[in-house]
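Colleague: Dropping a structure here in structure tokens format, bear with me for questions.
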Amino acid sequence: GAGVSQSPSNKVTEKGKDVELRCDPISGHTALYWYRQSLGQGLEFLIYFQGNSAPDKSGLPSDRFSAERTGGSVSTLTIQRTQQEDSAVYLCASSLGQGSTDTQYFGPGTRLTVL
Amino acid sequence: QKEVEQDPGPLSVPEGAIVSLNCTYSNSAFQYFMWYRQYSRKGPELLMYTYSSGNKEDGRFTAQVDKSSKYISLFIRDSQPSDSATYLCAFGPDNYGQNFVFGPGTRLSVLP
């Protein structure tokens, strides 16, 4: 079946602009995760959704970052007033949401470049 | 001390070599130990996982966990050029009980 998809695959924006990144999880997966991956930094956890609610927003680096999920499916990560340090690959993952050790399936990521 | 540390590499080996990839961790509450493989411009994919200390083998791959030393390893036997990727160790659940903690990854190149 279809895996996790993300769009756009690449995004170049100017400092100060807002960007929206989209994630389509695997059908039936109730848990959805956003991560940020910078060169040499590994995966930095941003936010986790179970259904439409986000019990864990601890990883959002600032109030410029927000995320929502509607219909228990598609999620959007919004970065307002982008800064150059926001440049990274933003990865989305989904899992069945039945337990804390469920396998997370990752999308290909959105490569964000802030000029 | 970082919660997870991993040799960043890069690591280059000839085809057929045995590769050893290692991570240390500090959170003794971790119960679930994983290795993810990430090809260039792709998302990570789960390669192996285990719950307990000891070895778990899957084909050419062996995952080893030593909880007493808070140390995990991934061994690749008879390495192939197709094994060239970044390997990330991961641990779970985190202190919130919901998420995984990832290492920074080791970039491996297997040269033909």
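Each row is one residue, and each column tells you yes or no for (1) closer than 22 Å to A:G107 by Cβ; (2) of a type in the set (K, R); (3) assigned to a strand (DSSP E or B); (4) at pLDDT 90 or above.
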residue	(1), (2), (3), (4)
B:N22	no, no, yes, yes
B:S28	no, no, no, no
B:W35	yes, no, yes, yes
B:Y49	yes, no, yes, yes
B:S52	no, no, no, no
B:E57	no, no, yes, yes
B:V65	no, no, yes, yes
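Residues are listed down the side, and each one gets a yes or a no for (1) closer than 22 Å to A:T101 by Cα; (2) without any contact (Cβ under 8 Å) to a residue 24 or more places away in the chain; (3) touching a Ser or Thr at 6+ places or on another chain (Cβ under 7 Å):
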{"residue": "B:W35", "(1), (2), (3)": "yes, no, no"}
{"residue": "B:Y51", "(1), (2), (3)": "yes, yes, no"}
{"residue": "B:G59", "(1), (2), (3)": "no, yes, no"}
{"residue": "B:D66", "(1), (2), (3)": "yes, yes, yes"}
{"residue": "B:D83", "(1), (2), (3)": "no, no, no"}
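Colleague: Let me ask you something else. When segment A:42-61 is examined, which residues are found to be on the phi < 0 side of the Ramachandran plot and assigned to a strand (DSSP E or B)? Steps first, answer last, please.
Modeller: Here is the first cut: in segment A:42-61, the residues on the phi < 0 side of the Ramachandran plot are A:43-50, A:52-61.
Within segment A:42-61, A:L43, A:E44, A:F45, A:L46, A:I47, A:Y48, A:F49, A:Q50, A:S53, A:A54, A:P55, A:D56 qualify.
Colleague: For segment A:50-66, which positions are open to solvent by less than 30 Å² (accessible area, probe 1.4 Å) and more than 14 Å from A:G28 (Cα to Cα)? Walk me through how you get there before you give the answer.
Modeller: Here is the first cut: in segment A:50-66, the ones open to solvent by less than 30 Å² (accessible area, probe 1.4 Å) are A:51, A:54, A:56, A:59, A:65.
Correct list: A:A54, A:D56, A:G59, A:F65.
Colleague: What's the total number of residues in segment A:1-41 that are part of a loop (DSSP other than H, G, I, E, B), at pLDDT 90 or above and either hydrophobic (A, V, I, L, M, F, W, C) or over 23 Å from A:S100 (Cα atoms) (or both)?
Modeller: 9
Colleague: Which one is most open to solvent (accessible area, probe 1.4 Å) among residues in segment A:17-45 that are more than 30 Å from B:P8 (Cα to Cα) and of a type in the set (D, E)?
Modeller: That would be A:E20.
Colleague: Quick check, is B:R41 modelled with pLDDT under 95, open to solvent by 20 Å² or more (accessible area, probe 1.4 Å), within 29 Å of A:G107 (Cβ to Cβ) and of a type in the set (D, E, K, R)? If you could, list the steps in order and put the result at the bottom.
Modeller: On the way: modelled with pLDDT under 95: yes; open to solvent by 20 Å² or more (accessible area, probe 1.4 Å): yes; within 29 Å of A:G107 (Cβ to Cβ): yes; of a type in the set (D, E, K, R): yes.
Yes.
So that you can scan it fast, the table gives a plain yes or no per residue for (1) within 14 Å of chain A (Cβ to nearest Cβ); (2) part of a loop (DSSP other than H, G, I, E, B):
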| site | (1), (2) |
| --- | --- |
| B:K2 | yes, yes |
| B:E5 | yes, no |
| B:G9 | yes, yes |
| B:S40 | yes, yes |
| B:T62 | no, no |
| B:S69 | no, yes |
| B:S73 | no, no |
| B:S82 | no, no |
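Colleague: Please name all residue pairs, on different chains or six or more residues apart, with Cβ atoms under 6 Å, provided the first residue is in segment B:95-112 and is farther than 22 Å from A:T103 by Cβ and modelled with pLDDT of 90 or more and the second residue is surrounded by fewer than 16 Cβ atoms within 10 Å (Cβ to Cβ) and of a type in the set (S, T, Y).
Modeller: Matching pairs, first to second residue: B:S109/B:S12.
Colleague: So, in segment B:42-60, exactly how many residues are within 14 Å of another protein chain (Cβ to nearest Cβ) and over 20 Å from B:P104 (Cβ atoms)? Outline the logic, then answer.
Modeller: If we filter segment B:42-60 for residues that are within 14 Å of another protein chain (Cβ to nearest Cβ), which is where we start, we get B:42-52.
Narrowing the set further to residues that are over 20 Å from B:P104 (Cβ atoms) leaves B:50-52.
Adding up the residues that qualify gives 3.
Colleague: I've got another one for you. Among residues belonging to segment A:79-112 that are farther than 27 Å from B:L46 by Cα and open to solvent by 10 Å² or more (accessible area, probe 1.4 Å), point out the one that is nearest to the other protein chains (Cβ to nearest Cβ). Write out each step before concluding.
Modeller: We begin by selecting, within segment A:79-112, every residue farther than 27 Å from B:L46 by Cα; these are A:79-85.
Imposing the further condition that a residue be open to solvent by 10 Å² or more (accessible area, probe 1.4 Å) reduces the set to A:80-81, A:83-85.
Working: A:Q80: 24, A:R81: 27, A:Q83: 22, A:Q84: 21, A:E85: 17 Å.
It comes out as A:E85.
The values are calculated or read from the model by the stated rules, or taken from the named source; none is laboratory data. For clarity, every value in this text was computed on a predicted model and none was experimentally measured. Don't worry about glycine lacking a Cβ; one is built from the backbone with ideal geometry, like all the others, and counts go over all protein chains shown. Remember, those area values only see protein heavy atoms, side chains included, never the ligands or the DNA or RNA. Shrake-Rupley method; radii C 1.70, N 1.55, O 1.52, S 1.80 Å.
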